[in-house]
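These notes concern the structure reproduced below.
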Amino acid sequence: MIPGQISHATTILCVRRDGKTSMGGDGQVTVGETIMKAKANKIRSVADGKVLAGFAGAAADAFTLFERFEEKLKRYPENLPRAAVELAKDWRSDRVLRRLEALLALADRDHSFLVSGSGELIEPDDGVLAIGSGGNYALAAARALLRHSDFSAHEIVDKSLHVAGEICVYTNDHLTIMDI
């Protein structure tokens, strides 16, 4: 990210339905009013494919957080809630980590969390989580599709991210979607 510029690089959406979890993100990286990249991948599979992680914000900061999160998962295997809590505690209390500008979306088959450096650790009631500049558009579309369709989690993520891409100028339709 260029100093002084705000990065509006992302829409990440996670949906849990019928024992399946899907997380997807668009590929656009924007700095200021310039599209710098169209095919970025902002979603990762970790813990031997049992956990999905997505980020919004500065990429270098997100990679640092991914590494810390993976360390927490190794310390607390098969326990995403504990790993997320420990990451949030470190992120909030560590002087260096506190300056990182990113949000993480973390999910397994049973839980999904938003984690931020300001201390938020939020698990949504309905299994739907969205972050980034187009997150609210994707979230609204996903909740509507959950209530009024029989689409799978993957299909809801795909359709909702496309809706966000039609509305948010910082979101495109080059999608990465992963399932567990």
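With the requirement that a residue be out of contact with any His (no Cβ under 8 Å at 6 or more places or on another chain), closer than 20 Å to ASP108 by Cα and in a loop (DSSP other than H, G, I, E, B), what does the stretch 118-159 give you?
Correct list: GLU120, PRO124, ASP125, ASP126, GLY127, PHE151, SER152.
Test LEU106 against the stated conditions and say whether it is within 17 Å of SER45 (Cα to Cα) and of a type outside the set (Val, Ile, Thr).
yes
This table checks each residue for (1) buried (at least 21 other Cβ atoms within 10 Å of the Cβ); (2) within 18 Å of VAL115 (Cβ to Cβ); (3) modelled with pLDDT of 95 or more.
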site: MET1; (1), (2), (3): no, no, no
site: HIS8; (1), (2), (3): yes, no, no
site: LEU13; (1), (2), (3): yes, yes, yes
site: ASP26; (1), (2), (3): yes, no, yes
site: MET36; (1), (2), (3): no, no, no
site: ALA56; (1), (2), (3): yes, yes, no
site: ASP61; (1), (2), (3): no, yes, no
site: GLU78; (1), (2), (3): no, no, no
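So VAL85 clears everything in (1) in contact with a strand residue (DSSP E or B) (Cβ under 8 Å, 6 or more places away or on another chain); (2) not in a helix (DSSP H, G or I) except one condition, right? Which one?
Of the numbered conditions (1) in contact with a strand residue (DSSP E or B) (Cβ under 8 Å, 6 or more places away or on another chain); (2) not in a helix (DSSP H, G or I), the odd one out for VAL85 is (2).
Would you confirm, using the coordinates I've provided, whether SER112 is closer than 19 Å to TYR170 by Cβ and small (Gly, Ala, Ser)? Lay out the reasoning, then the answer.
Values: closer than 19 Å to TYR170 by Cβ: no; small (Gly, Ala, Ser): yes.
It is false that SER112 is closer than 19 Å to TYR170 by Cβ and small (Gly, Ala, Ser).
Conditions (1) closer than 14 Å to GLY24 by Cβ; (2) among the small types (Gly, Ala, Ser), marked per residue:
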position: PRO77; (1), (2): no, no
position: ALA130; (1), (2): yes, yes
position: GLY135; (1), (2): yes, yes
position: ALA141; (1), (2): yes, yes
position: LYS159; (1), (2): yes, no
position: THR176; (1), (2): yes, no
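Do we have any residue at all in the stretch 94-105 that's within 27 Å of ARG147 (Cα to Cα), under 12 Å from the mean Cα position of the chain (by Cα) and surrounded by 24 or more Cβ atoms within 10 Å (Cβ to Cβ)?
Yes.
The values are calculated or read from the model by the stated rules, or taken from the named source; none is laboratory data. It should be emphasised that the depicted structure is a prediction, and the values quoted were computed from it without experimental measurement. Note that each Cβ is placed from the backbone with ideal geometry, even for glycine, and that neighbours are counted across all protein chains shown.
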